[in-house]
Structures are given as structure tokens and as C-alpha cells.
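Report on the following structure.
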Amino acid sequence: MHFSIQQIYKIMNEVGRRNFLPSELKYLADIEEALPIGHDQTISQPYIVAFMTAALSPDKDDKVLEIGTGSGFQAAVLAKLAHKIYTVEIIKTLADEARERLFQLGYENVFVQHGDGYWGWNEQAPYDCIIVTACAETVPQTLIDQLKLGGRMIIPVGPVHGAQSLVLIQKDEAGVISSKNVLAVRFVPFTRNIRL
Ligand code: SAH
């Protein structure tokens, strides 16, 4: 299955980015910018959500791992396309709020865990698709290990304040890894300190 960016925008409209924004910022839901969600974190720019989702293009039977739940918006978009979404967030308040928000909105196939996504979510591995929404200096090997044969991962890689790019990684049926840079981006950092 391969989705276009336009098709993903339609799904994003159904999900409603405004449902994932703090009430005082809901009026900005349609602007093409990342917006604050508290705790120095952001909900990504809509184009980036569409681009990353289209790059993964999950199948309806796919099991997906997301690192960096944030508001839960990206997870909700994926939940419309794939079978089950496992998402890990390092800031407990954000994880708890996203879990409650997704429950209230009726998403029953998204599972939110508070923890350091560097370790992935091993109990549910392997995954058809992995999406990382915080920028790592290098690709964690633990996440590559949790990818199925034939699986794909999209992850922003680069220095915290420097040139970052979205990297699309494929693991072929023999387990051979290939990767390519697909877009220049600017993301919040992938951190390792678990917070409340
Ligand atoms: N996908 C989110 C965007 C979140 S911004 C959305 O749709 O709203 C990136 C998130 O990654 C932040 O909430 C940040 O706290 C989280 N994060 C950073 N490092 C992490 C790590 N090691 N494990 C899990 N989450 C992490």
C-alpha cells in the first residue's frame, strides 16, 4: 500500500489536529507550523506528519511502533491506517494526557507507554513500521533490532541544533539494512532522561 501526501492530509483532517492542541492554541490548528504542547515539546508541522506517514505507508494489518507520543496526533493518524500502534513517551505527563485523549476520542488500537523509547517496546516487537518523532544523533540499534524483516523505519537524525534529516531505513527479507535521507527537518531532541 502506498499513500500520497494528499491522502494522508485527508486522514489528518478526519482525525482533527485541533483535538490534540491545548485549548488556547486550537485556532491555529490549520497552520503549517509546529506548535507547543507544554514541557518544551511540540506537535509536528502537519506537512511533516503527512510526509512521515506517507513514507511509512503502513498496511492495515501492520503493527507500528512510535517513539515520541507527544500529543498523540501522529499515533491517531497511524491508528486510522494500521492495525495496532504502540507508542512510547519519555515525559510522564504527556504520556498520561495522550493516553486519556486517545481514549476519549475512541482510539482503541493505540497503546501508550511512559518510558525511554531508546529501548523501543520489546514485549510487542517485531514491528512492520517504526516512526521516531524526536531527533537522535544516531539511529538506536535497539530500534533496528525491533524491526521485522521487510520492515521500514523513519527517523530524524542529526545534531540537536544543526542540520537534521529524515532518514528512511529498510530492512530487507534477508535482514540487510539500507537507508536514505529523504527530507531536511528540524525536530525536538531525542532525550534519555525519564521525566514526570
Ligand atoms: N508525535 C508527536 C510529536 C512529539 S514531539 C505528536 O504527534 O504530537 C517529540 C516527543 O518525543 C516529545 O514529546 C518528547 O518528550 C519525546 N521524546 C524525546 N525523547 C524521547 C525518548 N527517548 N523516548 C520517548 N519519547 C521521547
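The values are calculated or read from the model by the stated rules, or taken from the named source; none is laboratory data. The structure presented is a predicted model; accordingly, all values stated were derived computationally and were not measured. Surface accessibility is based on the protein's heavy atoms, side chains included, excluding ligands, DNA and RNA. Shrake-Rupley method; radii C 1.70, N 1.55, O 1.52, S 1.80 Å.
Comparing 162, 16, 68, which has the greatest mean-square fluctuation in the GNM of the chain with Cα pairs linked when under 10 Å apart?
Comparing 162, 16, 68 in a Gaussian network model of the chain, the most mobile one is 162.
Using alpha carbons only, how many angstrom separate the centre of segment 1-58 from the centre of segment 76-119?
That distance is 15 Å.
Want the number for residue 186 to residue 28: 0.36 nm per residue separation, take away the alpha-carbon distance, what's left?
Length gained between residue 186 and residue 28: 54.9 nm.
What figure, in Å² to the nearest 10, do you get for the accessible area of residue 172 with a 1.4 Å probe and non-protein molecules left out?
Estimated to the nearest 10 Å², residue 172 gives 70 Å².
Leaving ligands, DNA and RNA out of it, work out the accessible area of residue 190 with a 1.4 Å probe and give it in Å² to the nearest 10.
About 40 Å², ignoring ligands and nucleic acids.
How much accessible area per residue does segment 59-185 have, counting only protein heavy atoms and a probe of 1.4 Å, in square angstrom?
43
Just how many pairs of Lys in the chain have C-alpha atoms closer than 14 Å, counting pairs that are eight or more places apart or on different chains?
8
Among bridges DSSP assigns within the chain, what percent are antiparallel (round to 5)?
DSSP beta bridges in the chain are roughly 45 percent antiparallel.
Among bridges DSSP assigns within segment 1-92, what percent are antiparallel (round to 5)? Don't skip to the end; give the middle numbers.
Details: 3 of 8 bridges.
Around 40 percent antiparallel, to the nearest 5.
For the chain, with all protein chains present and a 1.4 Å probe, just round the carbon and sulfur fraction of the accessible area to a whole percent.
Numbers: 4850 of 9380 Å².
After summing per-atom areas, the C and S share lands at 52 percent.
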